[in-house]
1. Conditions: (1) open to solvent by less than 40 Å² (accessible area, probe 1.4 Å); (2) in a helix (DSSP H, G or I). E79 meets all but one. Number of the miss?
2. Inside region 67-83, can you point out the residues that are among the charged types (D, E, K, R) and either in contact with a strand residue (DSSP E or B) (Cβ under 9 Å, 6 or more places away or on another chain) or touching a residue at least 24 places away in the same chain (Cβ under 8 Å) (or both)?
3. For region 1-15, enumerate the residues that are modelled with pLDDT of 85 or more and more than 8 Å from the ligand (Cβ to nearest atom).
4. Which one of these is at pLDDT 85 or above, assigned to a loop (DSSP other than H, G, I, E, B), exposed (fewer than 10 other Cβ atoms within 10 Å of the Cβ) and on the phi < 0 side of the Ramachandran plot: E38, E87, E48, E72?
5. Just for region 27-36: of the residues that are in contact (Cβ under 8 Å) with a residue 24 or more places away in the chain and more than 7 Å from the ligand (Cβ to nearest atom), which one is nearest to N67 (Cα to Cα)?
6. Restrict the check to region 4-23 and report whether at least one residue is in contact (Cβ under 8 Å) with a residue 60 or more places away in the chain and either in a strand (DSSP E or B) or not hydrophobic (A, V, I, L, M, F, W, C) (or both).
7. Cβ contacts < 6 Å: first residue within 12 Å of P12 (Cβ to Cβ), restricted to region 37-49; second residue open to solvent by 70 Å² or more (accessible area, probe 1.4 Å), any location; separation 6+ or different chain. Result?
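The values are calculated or read from the model by the stated rules, or taken from the named source; none is laboratory data. A quick note: this is a predicted structure, and the numbers were derived from the prediction, not measured. Backbone-built Cβ (ideal geometry, glycine too); neighbour counts: all protein chains shown. Accessible surface areas use protein heavy atoms only, side chains included; no ligands, DNA or RNA. Shrake-Rupley method; radii C 1.70, N 1.55, O 1.52, S 1.80 Å.
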Amino acid sequence: MPDGSGVNELYPSLNNLDQNSFNLSEMPCIIRNGLGNELSLIQMSGLEHLSEVEINNIVNYVLNDMNNLSLEFTIQQTEETLKDCSE
Ligand code: HEM
């Protein structure tokens, strides 16, 4: 939702992330490739049209603005992470 909150089991909230939610460094790959499998209620499709810079900006927005986690992803980190995304 606009504030990052989710919808019950359907869409996970992104505004109550903490360091242990999931491996935050995976977020660039989740955005690029999506998430979930046939067991998921709803699968997240990848947003392949987004550039590295756009993904980097979204990650920093979600971490800092939505979750006040003072974590900064540099564009280099995002580019490196996206290179290793497991398809
Ligand atoms: C740039 C925008 C987006 C970001 C940053 C984002 C980020 C994420 C992250 C970090 C997760 C994992 C959450 C967790 O494990 O706690 C996730 C899961 C999910 N997202 Fe997204 N997402 C985006 C767009 C979307 C869109 C457009 C949809 C659907 C219309 C969507 C649907 C889902 C679903 C259904 C899951 C759960 C998948 C599963 O666990 O099986 N997401 N998203």
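1. All conditions are met except number (1).
2. Our first condition is that a residue be among the charged types (D, E, K, R); within region 67-83, this holds for 72, 79-80, 83.
Scanning region 67-83 gives a single hit, E79.
3. M1, P2, D3, G4, S5, G6, V7, N15 - these are the residues of region 1-15 that are modelled with pLDDT of 85 or more and more than 8 Å from the ligand (Cβ to nearest atom).
4. Numbers: E38 fails: at pLDDT 85 or above; E87 fails: at pLDDT 85 or above; E72 fails: exposed (fewer than 10 other Cβ atoms within 10 Å of the Cβ).
Answer to the selection: E48.
5. Step one: filter region 27-36 for residues in contact (Cβ under 8 Å) with a residue 24 or more places away in the chain, giving 27-29, 31-33.
Next, from what is left, pick out any that are more than 7 Å from the ligand (Cβ to nearest atom): 28-29, 32-33.
Values: P28: 16, C29: 19, R32: 21, N33: 22 Å.
This residue is P28.
6. Pass one, region 4-23, residues in contact (Cβ under 8 Å) with a residue 60 or more places away in the chain: 4.
If we keep only those that are either in a strand (DSSP E or B) or not hydrophobic (A, V, I, L, M, F, W, C) (or both) as well, we get 4.
Yes: one or more hits.
7. L41/E9; L41/L10; I42/L10; M44/L35
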